[in-house]
Amino acid sequence: MDRKYKDCIITYVLMGICIIVYLYTTLRYGVEMSAMEGIEVGGFNPLYIYYDHEYFRFITANFIHFGLMHIFCNIYSLYNLGILMEKILKKKKYAIVIIVSMLSTTCFSYLLFLLFNSGTNSVMGGISGVIFGLIGSLLALAILYKDIYSYLFKQIATSVLLMFFVSVAIPSISLSGHIGGMLGGFVTTIILEKINIKKKMIIN
């Protein structure tokens, strides 16, 4: 396998899963997928977890996409940001950030449902929460290591603000999922880096 692909294997696997799932749902439902069809293939809705205990939706929702534009934008963003962050974080920390971002995307939305009974009529899906998790991870690095990573975050800051604006402006996009993903990536990276710093201090 080419070294370029080995270095970013997790990102390519994530992209591959999303594409395979989208091809499956396209063959089953067509290019565009309805909310109920999204539920059938693992989309997130808090009622299905609260009443039916379908906890798999916390993970599976991250891999379904509702249309061609939806998956194109997410795959394009994941390719650009994922490859960068996988090289920076290295595989182990990158995998942890990805998994936590997946869970925080859906769990944050579920928490809002428990607290405020929100999201009962919505179906959430897509890898965008993970993308926001990687944005949160880069923000954490920019805060911890300003001299090294702050310029990288500044380069994407405008795009991040635009993505948040779109999340607010378009009701069908899950703002809570994006916030949850970003918080998960940010907090996880802070914790991982603090642990790494302590290990280095002990060794020295």
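Values quoted throughout were computed directly from the atomic coordinates according to the rules given, and no laboratory measurement underlies them. Worth saying up front: this structure is predicted, and the values here are computed from it rather than measured. Because the Cβ atoms are built from the backbone with ideal geometry, glycine has one as well, and the counts that use them run over all protein chains shown.
Starting from the Cα of ASP52, step 7 Å along the direction of its Cβ; do the same at LEU68; then give the gap between the two resulting points in nm.
Here the modelled spin labels are 3.0 nm apart.
Run through the stretch 1-106 and list the chymotrypsin sites (Phe, Trp or Tyr not before Pro) located in a DSSP loop whose Cβ has at most 14 other Cβ atoms within 10 Å.
Answer in residue order: TYR51, TYR55, PHE56.
For the stretch 68-145, take N as its residue count and report Rg(C-alpha) divided by 2.2 N^0.38 Å.
Dividing the Cα Rg of the stretch 68-145 by 2.2 N^0.38 Å gives 1.22.
Can you divide the C-alpha Rg of the stretch 4-125 by 2.2 N^0.38 Å and report the result to two decimal places? Don't jump to the answer; show the numbers that get you there.
Working: Rg = 15.2 Å, N = 122, 2.2 N^0.38 = 13.7 Å.
Normalised by 2.2 N^0.38 Å, the Cα Rg of the stretch 4-125 equals 1.11.
Say R0 is 25 Å: what FRET efficiency, to the nearest 0.05, do ALA157 and LEU111 get from their beta-carbon distance?
0.35
Mean separation of Cα pairs under 8 Å and 6+ residues apart, divided by the residue count of the stretch 1-156: what relative contact order is that in percent?
28 percent
GluC sites (Glu not before Pro) within the stretch 26-102: which are DSSP loop residues with at most 15 other Cβ atoms inside 10 Å?
Listed in order of number, the matching sites are GLU32.
Count the net charge of all other residues whose Cβ sits under 13 Å from the Cβ of LYS93, scoring Lys and Arg as +1 and Asp and Glu as -1.
Combined, the nearby Lys, Arg, Asp and Glu give +4.
Measure of size requested: the Rg and Dmax of the chain, with Cα atoms as the atom set and Å as the unit; please supply both.
Cα radius of gyration and Dmax of the chain are 17.3, 59 Å respectively.
Check each of the chymotrypsin sites (Phe, Trp or Tyr not before Pro) in the stretch 125-204 and keep only those in coil by DSSP with at most 14 other C-beta atoms within 10 angstrom; list them in order.
Answer in residue order: TYR145.
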